[in-house]
2 protein chains.
Amino acid sequence: MTANRVTVVEKIMNANDHMADLNKQRLDHAGVLSANLMASPGSGKTSFILKTIEALAPDYQIGVVEGDTAPVTIDADKILAAGMPAVQINTGGDCHLDAVMLKAGLDQLPLPQLDLLIVENVGNLVCPAAFNLGTHLNILIASIPEGDDKPYKYPAIYRNLDVLIINKIDLLPYIRFNMDYFRQGVEMLNPNLTTFTVSCVTGEGMDAWKQWMAARIEAKKAECTATKRL
Amino acid sequence: MTANRVTVVEKIMNANDHMADLNKQRLDHAGVLSANLMASPGSGKTSFILKTIEALAPDYQIGVVEGDTAPVTIDADKILAAGMPAVQINTGGDCHLDAVMLKAGLDQLPLPQLDLLIVENVGNLVCPAAFNLGTHLNILIASIPEGDDKPYKYPAIYRNLDVLIINKIDLLPYIRFNMDYFRQGVEMLNPNLTTFTVSCVTGEGMDAWKQWMAARIEAKKAECTATKRL
């Protein structure tokens, strides 16, 4: 029985990686930078996306795919209210998005009009780490109230990150959080990781994030234009 | 391929439920009340266990099984430092404990000496909900900084609860959290759920929790004694 199980899981993973490649090609072709945004439940993923839209919206079109385990459109509705296209994907209880689900989301978005696609994964520090979606960036939000030991306890998700966002720093005065201990844990797993320290309530740190992201969006657009000229 | 996958998952679930029954029989026989403690990462599960030990330790022996996705003993070490027996289970990356893992934990604990067993599940609001461990109580910690929309977004875990702990209420003044909206979501999924509102920092609400838990421990002991007399 164990052998059967392993075989099936391997087939699913291969199918997922194949679909992830197709998603990436499609996003590259459209010149859309894409980010897989992961975090625990309640770390502020949707608030961070809304703040990112607020910062970048004058210059860029941003699409959002919202992954949820239930048929609720709370998050997707907030994105639509912010004037950007959003698609909600109900995983039907599954603990993560996969590349096939993202493909279904891409099918419903106006890709040629977008500059940036943010995929809000299911709130979970374990399962999303195992599924490549085909996005260009893996981003994790760590939230101050979650505590400073999370890199030590959930190492897998920290290993494959391109960017770390440390959110809710406005709560630092009210919570025991040893930033040195936290950063040492991250450094051990993912040395020199690009990190932004922000608060979506006060707006602190959002300027640096905006500038970094705008540069990445421009780079993807330039890459796409260069490819099309060839 | 889909049919294969479903079959294998069903077999695993049956095996899990069978082992869960054996775990429960074993705990009943030893007269140990047991609780499966679930929550997001960073909701304060370990702090809550430590406060529970502090409250109940003069009268009761409390054993703890710590589920982690990595070979770290941060949490188990805290329990040992509090003078109670603890076993760490490394799920090897899996996003939840299952009944077979709990059996391995029970094998290493002095069950006849215990009055209460607390099983700290992996920090996750999705996967643990699907696996019965054989414990007597399913307890969820919801943490104020996670936000008031969690029952709406992670309904499955709220449906099968016996107790809800609302933790970190000391942070209420600093966070937008609509308690009525949160409670409505819970009530919809699990009417009349036993709920305690606590802070592990200030100790608020811990007395009511202690009294409720002590009564449950006594009831389990009485049930065990009555069974042995028959």
Find the chain A residue whose Cβ sits closest to the rotation axis that carries A onto B, and give that distance in whole Å.
A:PRO145, 2
Please compare each pair in A:LYS78/B:LYS153; B:LYS45/B:LYS220; A:LYS45/A:LYS210; B:LYS168/B:LYS220; B:LYS51/B:LYS168; A:LYS150/B:LYS24 to a cut-off of 20 Å on the Cα-Cα distance and tell me which ones are over it.
B:LYS45/B:LYS220; B:LYS168/B:LYS220; A:LYS150/B:LYS24
Once you've got the GNM for chain A with C-alpha springs shorter than 10 Å, pick whichever of A:MET84, A:MET38, A:MET179 has the biggest mean-square fluctuation.
A:MET179
Convert 4 °C to kelvin, take the viscosity as 1.567 mPa s, use the Kirkwood radius over C-alpha pairs of region A:100-172 as Rh, and evaluate the Stokes-Einstein diffusion coefficient in µm²/s, rounded to a whole number.
92
Could you run the Karplus curve 6.51 cos²θ - 1.76 cosθ + 1.60 with θ = phi - 60° over region A:128-141 and give me ³J(HN,Hα) per residue in whole Hz, x for Gly and Pro?
x, 4, 8, 10, 5, 9, x, 6, 7, 10, 9, 10, 10, 9
How large is the accessible surface of B:VAL201 in square angstrom, using a 1.4 angstrom probe and rounding to the nearest 10?
90
One point scatterer per Cα, no solvent, Debye formula: log10 I(q)/I(0) for the protein assembly as shown at q = 0.09, 0.10, 0.14 Å⁻¹ comes out as -0.61, -0.74, -1.39
Which percentage, to the nearest 5, of the DSSP beta bridges contained in region B:122-225 is antiparallel?
0
Between the alpha-carbon centers of region A:57-110 and region B:120-160, tell me the distance in whole angstrom.
23
How crowded by other chains is A:35-41, given as the mean number of beta carbons from other chains within 10 Å of each beta carbon?
4
Area accessible to solvent at A:VAL64, 1.4 Å probe radius, in Å²:
0
Solvent-accessible surface ranking, highest first, for B:ILE74, A:ILE217 at 1.4 angstrom:
B:ILE74, A:ILE217
Taking only DSSP H segments of four or more residues, each worth -39500 (n - 2.57), what value at 222 nm results for chain A once the sum is divided by all its residues, to the nearest 500 deg cm²/dmol?
-14000 deg cm²/dmol
Between B:ALA82 and A:ASP17, what is the FRET efficiency for a Förster distance of 60 Å, r being their Cβ-Cβ separation, to the nearest 0.05?
0.85
For region B:20-35 versus region B:167-230, the gap between their alpha-carbon centres in whole angstrom:
21
Shortest first and in nm, the label-point separations between A:LYS221 and its counterparts in the other identical copies (7 Å out along Cα→Cβ) come to 7.1
Is there a simple number for the mean count of other chain Cβ atoms within 10 Å of the Cβ of residues in B:65-75, and what is it?
3
Restricted to Cα positions, what overall size does region A:97-230 have along the principal axes? Three whole-Å values, descending.
52, 31, 27
Taking the Cα atoms of region B:31-112, what is the range of coordinates along each of the three principal axes, in descending order and whole Å?
36, 27, 19
When only alpha-carbon atoms are used, what values of Rg and Dmax, in angstrom, describe region A:64-108?
10.2, 29
Ordering A:ASP207, B:ASP148 by accessible area with a probe of 1.4 Å, largest first, what comes out?
A:ASP207, B:ASP148
Taking only Cα atoms and a 10 Å spring cutoff, compute GNM fluctuations for chain B and point out the largest among B:LEU193, B:LEU172, B:LEU22.
B:LEU172
Please report, to two decimal places, log10 I(q)/I(0) for region B:1-145 at q = 0.15 Å⁻¹ as given by the Debye formula with identical point scatterers on the Cα atoms and no solvent.
-0.72
Taking the Cα atoms of region A:159-218, report the difference between the largest and smallest coordinate on each principal axis, in whole Å and largest first.
39, 30, 13
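The values are calculated or read from the model by the stated rules, or taken from the named source; none is laboratory data. Predicted model, so just to flag it, every value in this text is computed and none were measured. Every residue, glycine among them, receives a Cβ derived from its backbone with ideal geometry; neighbour counts consider all protein chains shown. For accessibility, only protein heavy atoms count, side chains too; no ligands or nucleic acids. Shrake-Rupley method; radii C 1.70, N 1.55, O 1.52, S 1.80 Å.
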